[in-house]
Amino acid sequence: MMSYIIPKMASLCSSGHLNSDVLCQVLSTLRGIVESCYGPFGRLKLIHNSVGGYIVTTSQSSALLGNLSVSHPVIKLIIASVLNHVSRFSDSGLFTAILCCNLAENAKRLNVPCSHIVKIHKHLLNICIDYLTSEECACRIQIDFSNSKTLLSLVRTVINKPTCMLTTKEADCISSLVLKAFFYTIPSVIGNNISLGKMLIVPIEGQGATDSCVLSGILIEIFASYSTTIDITKLTFGCIKIAVFSVSMSGDVVDSGNGTWEVASGFCPEDESLAQLLKVGRQLVCDHVHLVVCQKVVHPILKQYLREQQVIVEDRLGVALMKPLIQLTGAQSISSYYHPIPPDCYGNVKNLCVVKFGSKRFLHLIPNESKPVCSLVLCNRTEAGVNELKLVCQSAECVMRLVIKEPLAVLGGGCTETHLATYVGHQSQCVTDDKLADLGCSRIEHRIVADSFCRSLESTASSLEHDGGENFVDTKYGHRWSVLPNTPLHTDWSEAFSRCACGLYKAQQNLNWTVLGDRTANRSLEMYLKKPSKCFPDRLALDSYSVKLNALQVAVETANLVVDLQYVIQDQN
Amino acid sequence: MEREFPAWRLIRIRVTLAERVMEIEKLVQTAESLENIMVRCFGPHGRQVLLVRDTGDILITKDGCRILESLLLEHPAARLMVQCVSAHCSLAGDGAKSFILLLAAMLRASRAEIGDGLPAHHGAQRLWLARGLAKLVQEVLEPVLARHLAPRCGSALCLSSGHPLLPREQAAQVLAAYFGGKVGPSHTPFLTQLACDFLQRLGDGEMEPALNLAANCFPGLHITVPGLPVGSSRVLEGLLLSRGFSLLCGQGETRVLVVDGSLLPPLTEAGYTLQLESAAGLAEARDWARARAEEALARLRALGVGLLLSGSRQPACVLELARRQGLSVVDCLPDEDLCLVRRLTGVGPLSQVADARPADTVPAGFARPAPLGTHEQVLVGFLGCCGLRAHSLAVCAPALGLAMQHRDAIHGAFKLLRFLLPHPGHHDRESKKLWTGDLEKGSERQGTGDLERENGKQGTGNLAKGGMRQETGNLERGSERQETGDLERESERQETEDLKIGSEIRGTRDFGQECEKQGMWEPGKAEDLTEGMLGTGGKGGKHHQPVDQLARREPWELSECELPAGRVLPPGGTFEFLMHHYLQREADSQQQPDVRAACRIVADALLNVPRHLHPRADRGRDFLQAHTNFAANLREQGVPAVVDGPLEVVAAKQCLLVSVIRCLRLLLAIDRVIAVRGKLGNKLPTGSEVAE
């Protein structure tokens, strides 16, 4: 064999990528793309490659950032960070990306040594985190499990993404369905090890979103038409016996050893396997099993035989369904057909029925008592729509799981960001000399960096506004208020403002609104750290607390990395 | 404040001739271009570098070794230098940037030294210089360090009940200086705390027992978790296995057994033939195999085993049987994990489960899925032995590249701390042997296993000739033979293992006694000791080499003086200034001209390190200021004060100096570069690395 040595190119080592102007330009390009997708009124992006073929319509961070092809190493770094966050928390990806870009861009424009910026950023982040985790934080609220209101608000914020193209009514409907499905997955009996059950999402295209529903139990898709030949109504109601096979029942002979086989003429091991299969089949019939499900393939002869004996057979279920199936039916998966099946392996369900959604038909397994397994049937008109809906429902489930661990939520709609900016601005004005010495920077540097930090938070909040409206912030609560575009200059406050963006506060006389991002106004000095009252309005925009906390930290740390970079070494092969 | 500097390419000289003379000028150029890259991230003021691979992977690093290794260099001398740096770093875990700075400065000084003569004499001059450098390392360096430098150092070790102990504060001070240069100031306090916590918890309150394990087996003791803030990194209790549960029944306190192969014996094995004539025969063979598996599991249950760890995959049938017995199973574990389990608990994998003894099982506090991580992993709370308690480190960062940087930095930190303990090189080699020995033995065992099986076949040959190989009796007998064989080998292995551990323990105990003796002996004789032998700083941590101890040393270790363990100096160029001073003094008093030249070269080169410690803008001024202050201090007080700040390990610095000088000798000794077409084998002599 000939071997070639291809001369490799020497690495290129440059700081050209990190030139402030170049970097700021690419950062603002990325920010521009991401910002316009942000929030419930964000715009969609159509991603294609010039060759043709598949196109993606999305506004979700994972799909959007995952599909962008970028060459700039710093942007690659930011995208990798955001995607890592999303893969773990499934939400707030766009927020992370925007905040990170804002921070890095603003910091790059400052005339402060990078190491100082990094330190001050870290210090400010700690102020934010300490505040958010403290009891007197005014922008987080306790989740009330006795009432579905706050939970529903939380789910609605996750569901309400532009890509799903849902009307308000549809979004409400889907949110309550997701919440209901999530409640199904909480086991009714709490043992020593608490583990949540499974919520299986079944996507159906071609139906309206309001046709979605939640079913207790599992749906198995039926591909062939034979199942209907078995009259399900004849089955004994209340106790339908099920056998669950995890082993392939195709009749292949397998042996893990690496020796050789010598088979006498006239004897075929495959025939023997089939005989074993049929023997198992006979036992199944004798044991009055009504339904046989198999993770892998079932031999057609065995299938035929069982069907003749009025046993329903479903194969090729895949590994994902096995665990919930076992949980639902109480069966044990059977991993060998060479030996008689012990009777305690069988499981049972209360009832079986065939349900139809759009063009698909399913076998619905209804459990005996309440089991923490349910199916969420999601309908939408298009395939892309269904896929997006599935993604948001999955992230809603992830958010709900996090809420169970930490029953807190932060205010959405940009109010948390503006509130934090106000708080940080206030705190940075009274920074002590000790702290400054600790950070190794001058007071003026601290002031400049803190200002840029607050500006980044505020502009992240204001990027929720897409339709030319103006963003305001009040001095009492530090919340974001949005004013419709083209509002006349001399309008009375009661006409311009109604509710803050998160919906917690109503407009009042003494709120003293200022334009968001206006750092000249000396506000926030007498900010009330007032905890929100216990009774909340119905429509509140809430974000998951754990997700937001992580997103904030990831954004600042990634921005710090970008600021701290000295040069880039690129492999050019 | 962004400073512009043009993109530059590393030395691009196409080697068109088949051979060319390796001129010292070229070497200096090469080293300087590497130096140019290194200085930008050198010291606490240096910043991060973003590496982009051809695959598009991103790596963020300040680690010199990592940067050098990922550069694709055209000039062979540059590649040789990088090779030397990696060899040094794999041992010491730190010092790549200083390495390049020192090397570049030494090459410059050598060029000046050689440049006087005629070009024709250069080769001879270079060799002469290389000889001088070798003599410097052999004859001058150790005595200078031990006689002049050691008295000016503080000690990080303190003695408690005869054992040298590394207190947490001292370790933290050393690590603070290390992380400052390795990852930058923003994460330094956090990583320092994390590394100390990990060592303390791994060593059950003390750092030393854990240090060797952590330095050698760190890959098995951590996970990197992208997507979380750095602050989420933490120490997890229990050993982290790299696979998830295949079967989970109960997470509470239990006993653990490690097995080698599948519990369900395969119907055939290599070298065997299964002769089938009827369906009944096949069924019988299957029944036999299943009965073996059932037997094994019943045995495990009887021993109280609740968790089975397995190197090979366990078939679904075994998992089903295990579920009936209430056993949790983790299978497909890589060899590294099994070795680590053995090091932590002293129990190796078993190949025949049916006659497992209670001694083969180990207790574990818990076994549960790991809380972090992208794929499923298991945490097993082994109670451990030899003063170790299983703990793992979860290293989190927003991007994977950063997490990897922190992981490498922490690994390097353990290697560095090891230099504080007595005889780091010696320990290192021994433990390395132990660690690789495990692996080797693993494969060796398989090899002999096959051989024995071969023998087994011959032994039972007449039976096999009989034809009915599927008869259970035969199979059983066959496996019995293997069993005893395995058992024998097992015990043999354990014995050697024990011996090794024993010798290690004995070694440290010797040292402990040695120290104790000194401890008792010192107060009375302190005045009698010559000034040169007097330690400073450490409270009771002064242990010198008594004369009778020296006499007992191995001949190859015999030198007139050795640097005592645990010596530390404040960072910021103290070591370099001091060594510069002493080596210059040495150069003046030296009789041999070649050693004198070598001393001058090294002394001058040492100053290159502190020169680059200061920020770029006012580098020259700050450096001169620092040097003047230092000289003044040295004149006035004689001894620089050891402050309570960060600390540097002198032994690591010494190791670095020796490595650089070795690299320089290598470079000086090369006279020609030969370019060939075709692939070069990877049969490079590893002597230079092993000779460490």
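The values are calculated or read from the model by the stated rules, or taken from the named source; none is laboratory data. Everything numeric in this text was worked out from a predicted model, so none of it was measured. We place every Cβ from the backbone using ideal geometry, glycine too, and count neighbours over all the protein chains shown. Protein only, heavy atoms only, side chains kept; ligands, DNA and RNA dropped before computing areas. Shrake-Rupley method; radii C 1.70, N 1.55, O 1.52, S 1.80 Å.
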- Task: Mind pulling the per residue volume of the convex hull built on the Cα atoms of the stretch B:176-220? Å³ is fine.
- Result: 79 Å³
- Query: So, in Å, what gap is there between the alpha-carbon centers of the stretch B:269-341 and the stretch A:351-420?
  - Reply: 40 Å
- Assuming R0 = 30 Å, what is the FRET efficiency of B:Leu634 and B:Arg168, from their Cβ-Cβ distance, to the nearest 0.05? 0.45
- Taking a ≥ b ≥ c as the square roots of the eigenvalues of the Cα gyration tensor of the stretch A:1-131, is the shape rounded (a/c under 1.5), prolate (a/b larger than b/c) or oblate? oblate
- Task: Using the structure shown, list the pairs from A:Lys169/A:Lys323; B:Lys135/B:Lys182; A:Lys45/A:Lys390; A:Lys149/A:Lys356 with a Cα-Cα distance above 25 Å, or answer none.
- Result: A:Lys169/A:Lys323; B:Lys135/B:Lys182; A:Lys149/A:Lys356
- Give me a single rounded figure for A:84-92: the average over its residues of other chain Cβ atoms within 10 Å of their Cβ. 3
- Task: Have a look at the stretch B:83-186 and give its Rg and Dmax from the Cα atoms, expressed in angstrom.
- Result: 19.3, 63
- Message: Using only the Cα atoms of the stretch B:267-332, what semi-axes does the equivalent ellipsoid have when each is the square root of 5 times a gyration tensor eigenvalue? Give whole Å, largest first.
- Response: 27, 14, 10
- Task: Taking all pairs of distinct Cα atoms, average 1/r, flip it, and tell me the Kirkwood hydrodynamic radius of the stretch B:220-312 in Å to one decimal place.
- Result: 17.2 Å
- Query: Relative contact order, percent, of chain A when contacts are C-alpha pairs under 8 Å separated by at least 6 residues?
  - Reply: 25 percent
- Item | Per-residue average of Cβ from other chains inside 10 Å of B:275-287 | 4
- Query: Pairing the Cα long axis of helix A:114-133 with the longest principal axis of chain A, what angle in degrees results, from 0 to 90 and rounded to the nearest 10?
  - Reply: 70 degrees
- What's log10 of I(q)/I(0) for the stretch A:93-146 at q = 0.16, 0.21, 0.28, 0.29 Å⁻¹, Debye sum over Cα points only, no solvent? -0.67, -0.92, -1.09, -1.10
- Output field shielding_mean for B:41-54 (other chain Cβ, 10 Å radius) holds 6
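Going by average Cβ density within 10 Å per residue, which order do the peptides A:301-312, A:474-485 take, highest to lowest?
Averaged packing, sorted descending, gives the order A:474-485, A:301-312.
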- Message: If you count only protein heavy atoms with a 1.4 Å probe, what accessible area per residue comes out for the stretch A:397-518, rounded to a whole Å²?
- Response: 43 Å²
- Around B:Leu274, which amide H atoms from residues at least 5 apart in sequence, or from another chain, sit under 5 Å from its own amide H, with H modelled in the peptide plane? A:Thr260, A:Trp261, A:Glu262
- Message: What number does the stretch B:129-233 give for Rg over Rh if you use C-alpha atoms and the Kirkwood radius?
- Response: 1.09
- Query: Just from its helices, what would the mean residue ellipticity at 222 nm be for chain A, if runs of 4 or more DSSP H residues each count -39500 (n - 2.57) and the sum is divided by every residue, rounded to the nearest 500 deg cm²/dmol?
  - Reply: -13000 deg cm²/dmol
- Between the modelled labels at A:Thr133 and B:Asp671 (7 Å from Cα along Cα→Cβ) the distance in nm is 6.6 nm
- Note on the structure: Over the Cα atoms of the stretch A:343-418 the radius of gyration and the largest Cα-Cα distance (Dmax), both in Å, equal 18.6, 63
- Once Rh for the stretch B:150-295 is found with the Kirkwood sum over Cα pairs, what is the Stokes-Einstein diffusion coefficient at 25 °C and 0.890 mPa s, in µm²/s? 118 µm²/s
- At 0.36 nm per residue, minus the direct Cα-Cα distance, what do B:Asp57 and B:Ala279 gain on full extension? Give it in nm, one decimal, please. 74.4 nm
- Leaving out ligands, DNA and RNA, calculate the buried accessible area for the pair B and A with a 1.4 Å probe, summed over both sides, in Å² to the nearest 100. 6200 Å²
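Could you check how many percent of all C-alpha pairs in chain A are farther apart than 38 Å?
For chain A, the share of Cα pairs beyond 38 Å comes to 46 percent.
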- Cα extents of the stretch A:321-380 along the three principal axes, largest first (Å): 46, 25, 18
- Item | For the stretch B:100-110, 3J(HN,Hα) per residue [Karplus equation, 6.51 cos²θ - 1.76 cosθ + 1.60, θ = phi - 60°, Hz, x = Gly/Pro] | 5, 4, 5, 4, 4, 5, 5, 5, 4, 5, 5
- Given labels modelled 7 Å from the Cα in the Cβ direction, how far is it in nm from A:Glu369 to A:Asn49? 5.4 nm
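Of the listed peptides A:130-138, B:655-663, what is their order by residue-averaged count of other C-beta atoms within 10 Å, with the highest listed first?
Descending packing order for the listed peptides: B:655-663, A:130-138.
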- Query: Label-point separation (nm) for B:Leu303 and A:Arg381, each offset 7 Å from Cα along Cα-to-Cβ?
  - Reply: 6.6 nm
